[in-house]
Amino acid sequence: MEFESEVGSIRGRMAEEFETRAKKNLELARTERFEDEVVIPLKAQAISTEAFVGAGTVRRAMLDDDNAKIAEFRASEDFEKANDYEARTLEFVLQKMFENKVFGDTVKYAIKTSDYDDYVRGIDFIIDIGEGDERVLLGVDATVSIKPEVLARKVERNIIAASRNTLPAVKYYMDIDGNLQLEETMPRVILGVDRQTTLRLRNAVLENPGSLDDDETVKRLIAQMIGQLEFTYHVAKPGSKVQMKYARALQCLEEMCNEKGLELDELGQAFKDDGLVNPHRFVSRVQ
């Protein structure tokens with residue numbers, strides 16, 4: 001009996017070890033596949049600062065200064081925090097979801113920003129939403145952090161800008177037709193997804209993108225965008241160009257909800273405990 005028990009125990013441990021190795025191998029395969037199929041192609045399409053020098057829009061000396069700021073950031077502790085696997089993955093997962101029309105046809109395109117605008121200006125990628133003259137750009141800052149102090153700092157940047165009647169801006173922008181523009185202003189939204197959900201979304205993007213159409217996380221992300229834009233709209237100077245740009249963005253998000261069959265009030269209520277849906281939970285002051 002003791003011998004049989006010991007054999008059973010050994011078999012159990014071997015089965016556990018085999019399952020652990022299988023899970024590690026599957027995760028490694030998914031990681032490599034995501035890099036090859038999503039990250040590398042999206043990076044290749046990202047806004048290139050060299051294109052601005054080539055077009056004569058930016059002097060080489062200015063670009064060298066910007067590259068020095070990027071190098072300084074890469075040498076900081078903040079860079080390590082911003083570039084762990086899940087944090088880096090989330091940026092590309094969300095951009096790919098917008099590109100794949102998971103959020104509907106209201107989104108015309110999504111483009112990765114330059115390293116300068118990612119690291120220095122805090123905008124990971126840009127989406128173009130809406131139709132005709134009502135189209136508007138939205139800058140997206142993706143985060144896997146759930147720390148209130150981190151989220152508060154990110155949200156307050158947008159609130160403070162609106163209170164001063166200004167908008168966030170990317171220094172280097174390229175539109176869907178390849179036209180280059182310096183200092184393009186746009187509302188910015190913070191999209192927060194925890195680390196475990198980030199990996200789940202990554203797997204869905206790789207294996208079954210259609211499964212995300214009615215995903216609760218997609219609804220939460222739409223609620224985050226609307227909640228932040230509404231909050232910042234009321235902070236901006238009434239009737240100003242800044243407030244009108246927020247109004248256009250909100251109109252586009254309403255069209256997104258209509259396309260996906262979502263009710264604005266229900267969204268806000270469903271995710272009311274999310275600080276990125278109700279930014280007043282994080283904002284302690286506006287300077």
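The values are calculated or read from the model by the stated rules, or taken from the named source; none is laboratory data. Here the structure is a predicted model, which is why all the values come from computation and not from measurement. When we count neighbours, we look across all protein chains shown, and the Cβ atoms used for this are built from the backbone with ideal geometry, even at glycine. The accessibility values were calculated without ligands, DNA or RNA, using every heavy atom of the protein model including side chains. Shrake-Rupley method; radii C 1.70, N 1.55, O 1.52, S 1.80 Å.
Could you tell me which residue of the range 150-176 is least open to solvent (accessible area, probe 1.4 Å), considering only residues that are touching a Phe, Trp or Tyr at 6+ places or on another chain (Cβ under 8 Å), modelled with pLDDT of 90 or more and over 21 Å from R281 (Cα atoms)?
Y172
Across the range 76-107, what is the total count of residues that are among the aromatic types (F, W, Y) and surrounded by fewer than 22 Cβ atoms within 10 Å (Cβ to Cβ)?
Total meeting the criteria: 2.
Residues to consider are M62, M97; find the one that is of a type in the set (A, V, I, L, M) and closer than 30 Å to D214 by Cβ. Don't jump to the end; show me each part of the working.
Values: M62 fails: closer than 30 Å to D214 by Cβ.
None of the other options fit; the residue is M97.
Within the set of pairs 6+ apart or on separate chains, which have a first residue in the range 67-96 that is at negative phi and basic (K, R), a second that is open to solvent by 50 Å² or more (accessible area, probe 1.4 Å) and modelled with pLDDT of 90 or more, and C-beta atoms under 6 Å apart?
K69/V120
State yes or no: is V218 within 15 Å of the chain's Cα centre (by Cα), over 16 Å from Q95 (Cα atoms) and open to solvent by less than 30 Å² (accessible area, probe 1.4 Å)?
Answer is no for this residue.
Here's a check for you: in the range 237-250, which residue that is out of contact with any strand residue (DSSP E or B) (no Cβ under 6 Å at 6 or more places or on another chain) and either of a type in the set (K, R) or at pLDDT below 95 (or both) is nearest to E131 (Cα to Cα)?
Going through the range 237-250, the residues out of contact with any strand residue (DSSP E or B) (no Cβ under 6 Å at 6 or more places or on another chain) turn out to be 237-247, 250.
Still in the list and also either of a type in the set (K, R) or at pLDDT below 95 (or both): 237, 241, 245.
Values: K237: 25, K241: 19, K245: 14 Å.
By that ranking, first place goes to K245.
The rows are residues; the columns are (1) open to solvent by less than 10 Å² (accessible area, probe 1.4 Å); (2) closer than 16 Å to R248 by Cα.
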| position | (1), (2) |
| --- | --- |
| Y109 | no, no |
| K112 | no, no |
| V120 | no, no |
| D124 | yes, no |
| G130 | yes, yes |
| P148 | no, no |
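Within the range 56-67, count every residue that is more than 12 Å from Y119 (Cα to Cα) and open to solvent by 50 Å² or more (accessible area, probe 1.4 Å). Spell out the reasoning first.
Within the range 56-67, the subset more than 12 Å from Y119 (Cα to Cα) is 56-65.
Checking which are open to solvent by 50 Å² or more (accessible area, probe 1.4 Å) leaves us with 56-57, 59-62, 64-65.
Result for the range 56-67: 8.
Quick check, is Q181 part of a strand (DSSP E or B), more than 21 Å from the chain's Cα centre (by Cα) and free of Cβ contacts under 8 Å to residues at least 60 places away in the same chain?
Judged against the criteria, Q181 is a match.
If I go through the range 32-55 residue by residue, how many of them are open to solvent by 60 Å² or more (accessible area, probe 1.4 Å) and over 20 Å from the mean Cα position of the chain (by Cα)?
So the answer is 5.
Out of curiosity, is V193 over 29 Å from E35 (Cα atoms), modelled with pLDDT of 90 or more and under 14 Å from the mean Cα position of the chain (by Cα)?
Working: over 29 Å from E35 (Cα atoms): no; modelled with pLDDT of 90 or more: yes; under 14 Å from the mean Cα position of the chain (by Cα): yes.
When the stated conditions are applied, V193 does not pass them.
Among the residues that make up the range 197-215, is at least one of them more than 21 Å from N100 (Cα to Cα) and either among the basic types (K, R) or out of contact with any Lys or Arg (no Cβ under 7 Å at 6 or more places or on another chain) (or both)?
Looking for residues that are more than 21 Å from N100 (Cα to Cα) and either among the basic types (K, R) or out of contact with any Lys or Arg (no Cβ under 7 Å at 6 or more places or on another chain) (or both), one finds none in the range 197-215, hence no.
Quick one: which of V58, V102, V53 is in contact (Cβ under 8 Å) with a residue 12 or more places away in the chain and either of a type in the set (D, E, K, R) or farther than 23 Å from L138 by Cβ (or both)?
Details: V102 fails: either of a type in the set (D, E, K, R) or farther than 23 Å from L138 by Cβ (or both); V53 fails: in contact (Cβ under 8 Å) with a residue 12 or more places away in the chain.
Residue meeting the stated conditions: V58.
Which of (1) crowded, with 20+ Cβ neighbours inside 10 Å; (2) within 24 Å of I146 (Cα to Cα) does A270 not meet, given it meets every other one?
Answer for A270: the failing condition is (1).
Evaluate the range 23-30: report whether one residue or more is surrounded by 15 or more Cβ atoms within 10 Å (Cβ to Cβ) and at pLDDT 85 or above.
No, the conditions are met nowhere in the range 23-30.
Do we find a residue being assigned to a helix (DSSP H, G or I), open to solvent by 30 Å² or more (accessible area, probe 1.4 Å) and touching a helix residue (DSSP H, G or I) at 6+ places or on another chain (Cβ under 8 Å) anywhere in the range 235-246?
As a first pass, look at the range 235-246 and keep what is assigned to a helix (DSSP H, G or I): 235, 241-246.
The next check asks that each one be open to solvent by 30 Å² or more (accessible area, probe 1.4 Å); those that pass are 235, 241, 244-245.
Among the residues that remain, those that are also touching a helix residue (DSSP H, G or I) at 6+ places or on another chain (Cβ under 8 Å) are: 235.
Scanning the range 235-246, I find at least one residue that is assigned to a helix (DSSP H, G or I), open to solvent by 30 Å² or more (accessible area, probe 1.4 Å) and touching a helix residue (DSSP H, G or I) at 6+ places or on another chain (Cβ under 8 Å), so the answer is yes.
Could you pull out the residue among L262, L250, L276 that is of a type outside the set (G, A, S), open to solvent by less than 60 Å² (accessible area, probe 1.4 Å) and assigned to a helix (DSSP H, G or I)? Talk me through it step by step, then tell me what you get.
Numbers: L262 fails: assigned to a helix (DSSP H, G or I); L276 fails: assigned to a helix (DSSP H, G or I).
Every option except L250 fails the conditions.
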